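Undergrad: Submitted below is the structure of interest, expressed as structure tokens.
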Amino acid sequence: KAGVTQTPRYLIKTRGQQVTLSCSPISGHRSVSWYQQTPGQGLQFLFEYFSETQRNKGNFPGRFSGRQFSNSRSEMNVSTLELGDSALYLCASSSLDRMGEQYFGPGTRLTVT
Amino acid sequence: GQQVMQIPQYQHVQEGEDFTTYCNSSTTLSNIQWYKQRPGGHPVFLIQLVKSGEVKKQKRLTFQFGEAKKNSSLHITATQTTDVGTYFCAGPEGGGADGLTFGKGTHLIIQP
């Protein structure tokens, strides 16, 4: 099976702009989660989608949102970008219920200037 | 909210030496997962432990889940250069209803 794919792999944006990141899970996986990884805070959970519904949400401001489509592909949107949003954004899919083993994609490296 | 602490943050070993990283949760976990991230890569799932006191082995890696299901450890015997990377533990918060909480990871550096 093909792994989790994320696009784009690298992105440079300016403060105040918005960005949309895309994730295609492993075929058959219905759960898609998003994480932010920074050197200071480590890996932090953003949200999880299952069957097009947001099931879990981490402690991030409302500028961070997401959605999942009927084919399980997911998008994450960050509005009004801040310098502190610079991070590696990782998508992970799972075939299991309730935050089972996660299969991560290569990530999108976002730099906000 | 739940906190997952990992120690040490960094570990330097000579190739061939053993390595252990420890994970402690502030709450009882339904399961604990371990991941490895190579430099420049993404986290890769290693294993999931579910039962109290569970011990699982994968070649030179031994994983343990504490009796109280609040701590875990990963032990690598006779490290090799391919073991270089960051090892993370993670537990489902709120029984999974609130996402997965990761520890900050232990960076394993191996000197040949």
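Undergrad: Quote the FRET efficiency, to the nearest 0.05, computed for B:I47 versus A:N77 with a Förster distance R0 of 25 Å and r equal to the Cβ-Cβ distance.
TA: My answer for the efficiency is 0.15.
Undergrad: Give, as a single signed number, the net charge of other residues whose beta carbon lies under 11 Å from the beta carbon of A:L88, with Lys and Arg counted +1 and Asp and Glu -1.
TA: Numbers: positive: A:R9, A:R109; negative: none.
Surrounding charge for A:L88 is +2.
Undergrad: Over the Cα atoms of the protein assembly as shown, compute the convex hull volume and normalise it per residue, giving Å³.
TA: On the way: hull volume 26.6 nm³, N = 225.
Dividing the Cα hull volume of the protein assembly as shown by its residue count gives 118 Å³.
Undergrad: What percent does the relative contact order of chain B come to when contacts are Cα pairs within less than 8 Å and at least six residues apart?
TA: That works out to 37 percent.
Undergrad: With a cap of 15 neighbouring Cβ atoms within 10 Å, and only residues DSSP puts in a loop, list the chymotrypsin sites (Phe, Trp or Tyr not before Pro) found in the stretch B:30-87.
TA: Details: sites: B:W34, B:Y35, B:F45, B:F63, B:F65, B:Y87; in loops: none.
Listed in order of number, the matching sites amount to none.
Undergrad: State log₁₀ I(q)/I(0) for the stretch B:1-101 at q = 0.22, 0.24 Å⁻¹ as given by the Debye formula over alpha-carbon point scatterers of equal weight, solvent excluded.
TA: For the stretch B:1-101 at q = 0.22, 0.24 Å⁻¹, log10 I(q)/I(0) is -1.19, -1.36.
Undergrad: Let me ask something additional. Evaluate chain A: find the radius of gyration of its Cα atoms, find its Kirkwood radius, and give the ratio Rg to Rh. Don't jump to the answer; show the numbers that get you there.
TA: Numbers: Rg = 13.1 Å, Rh = 13.9 Å.
Rg divided by Rh gives 0.95.
Undergrad: Now for a separate question. Give me the count of lysine pairs in the protein assembly as shown whose alpha carbons sit under 22 angstrom apart, restricted to pairs 8 or more positions apart or on different chains.
TA: The number of close lysine pairs in the protein assembly as shown is 18.
Undergrad: Once every Cα of the stretch B:11-66 carries one equal point scatterer and solvent is ignored, give the base-10 log of I(q)/I(0) from the Debye formula at q = 0.21, 0.31 Å⁻¹, two decimals.
TA: These q points yield log10 I(q)/I(0) values of -0.99, -1.34.
Undergrad: What's the center-to-center distance, using Cα atoms, between the stretch A:1-34 and the stretch B:57-106 in Å?
TA: Using only Cα atoms to place each centre, the spacing works out to 25 Å.
Undergrad: Right, something else. Between A:L88 and B:T77, with labels modelled 7 Å along Cα→Cβ, what's the label distance in nm to one decimal, could you check?
TA: Calculated label separation equals 3.0 nm.
Undergrad: What is the extension gain from B:M5 to B:R38, computed as 0.36 nm multiplied by their sequence separation minus the C-alpha to C-alpha distance, in nm to one decimal?
TA: Fully extending the segment from B:M5 to B:R38 adds 9.9 nm.
Undergrad: Consider a paramagnetic label point 7 Å from the Cα of A:Q18 along Cα→Cβ; state which residues of the stretch A:31-65 have an amide N under 12 Å from it.
TA: Hits in the stretch A:31-65 for A:Q18 at 12 Å: A:63-65.
Undergrad: Per residue of A:37-45, what is the mean number of Cβ atoms on other protein chains within 10 angstrom of that residue's Cβ? Don't skip to the end; give the middle numbers.
TA: Details: counts 5, 0, 0, 1, 1, 8, 12, 4, 8.
That average works out to 4.
Undergrad: Taking 7 Å along the Cα-to-C-beta vector as the label spot, tell me the A:T111-B:Q58 distance in nanometres, rounded to one decimal.
TA: With each label point 7 Å from Cα toward Cβ, the separation is 3.3 nm.
Bear in mind that the values in this text are calculations on the coordinates, not laboratory data. Quick caveat, the model's predicted, so the values are computed rather than measured. Here Cβ is always computed from backbone atoms with ideal geometry, including for glycine, and neighbour counts include all displayed protein chains.
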